[in-house]
Number of protein chains: 2
Amino acid sequence: MIVMLTVITYDVNTETANGRKRLRKVAKCCVNYGQRVQNSVFECVADAATMARIKHDLIELIDQNADSLRFYYLGNSYENKIEHVGAKTSYDAEGFLSV
Amino acid sequence: MIVMLTVITYDVNTETANGRKRLRKVAKCCVNYGQRVQNSVFECVADAATMARIKHDLIELIDQNADSLRFYYLGNSYENKIEHVGAKTSYDAEGFLSV
């Protein structure tokens, strides 16, 4: 089974309670398959079928008129394609910031 | 000259005026080489030397103790690696939301 990395970025207005609630749901949906690396950036490692299911679930969660999702498919050889600079913040499974 | 796509994601607390100011500066730095596709996601198309300069400039702009940058290198054949779902929001060169 080939697993691939997909970077999922989510645009939502988190100044509203509803926006924050949707963001938490998106985080919960992604957390089994990867990690939250920034406030609205998730990295999922999954095979193609699982990734299709995650994508389907995410589309159900968001408000398509107000929010957007972008998917970046980095393939199965992704170690050298990612670089991080600055603060390392960890987010817990519920999507809350934990410092 | 080979140009590559780099996705730059920026984590900053935009609930503070300083955070919003840094985000605007990051947006301005990226805008000549690509576009802002979400509130804190930028896609830059540039050759390796230009990309190194953009990265250097961005690192100078951010507060490394509070903010983070992630760079995803998608290479020169990136058309099929990106998917968008939901609202299409455009951001102007100053980094302000324009609807």
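Residues whose amide H comes within less than 5 Å of that of A:Asp67, counting only those at least five positions distant or on another chain, are B:Ala87 (H built at 1.01 Å from N in the peptide plane).
Note: relative contact order over the range B:1-98, using C-alpha pairs below 8 Å and six or more positions apart, is 42 percent.
Projected over every direction and averaged, the convex hull enclosing the alpha-carbon atoms of the protein assembly as shown yields 10.8 nm². For A:Lys25, the lysines whose Cα comes closer than 24 Å to its Cα, not counting residues fewer than 8 places off in the same chain, are A:Lys55, A:Lys88, B:Lys88.
Whole Å is fine, so just give me how far the alpha carbon centre of the range B:1-61 lies from that of the range A:20-43. Value for the Cα centre distance between the two parts: 22 Å.
Here the range A:31-78 is described by how far its Cα atoms reach on the three principal axes: 34, 24, 18 Å, from widest to narrowest. Under a GNM of chain B (C-alpha, springs under 10 Å), which listed residue has the highest mean-square fluctuation: B:Ser40, B:Ser68, B:Ser77? Of the options given, B:Ser77 has the highest mean-square fluctuation. Annotation for the range A:56-92: trypsin sites (Lys or Arg not before Pro) lying in DSSP loop with at most 13 further Cβ atoms inside 10 Å of their Cβ are A:Lys88.
Here is the size of chain A from its Cα atoms: Rg then Dmax, 13.3, 40 Å.
Helix-only arithmetic for chain B: the sum of -39500 (n - 2.57) across DSSP H runs with n ≥ 4, divided by the residue total, places the mean residue ellipticity at 222 nm at -9500 deg cm²/dmol.
Since every read-out is calculated from the coordinates, none of them should be taken as a lab result. Since this is a predicted model, take the numbers as computed values, not measurements. Glycine gets a Cβ as well: all are built from the backbone with ideal geometry, and neighbour counts include every protein chain shown.
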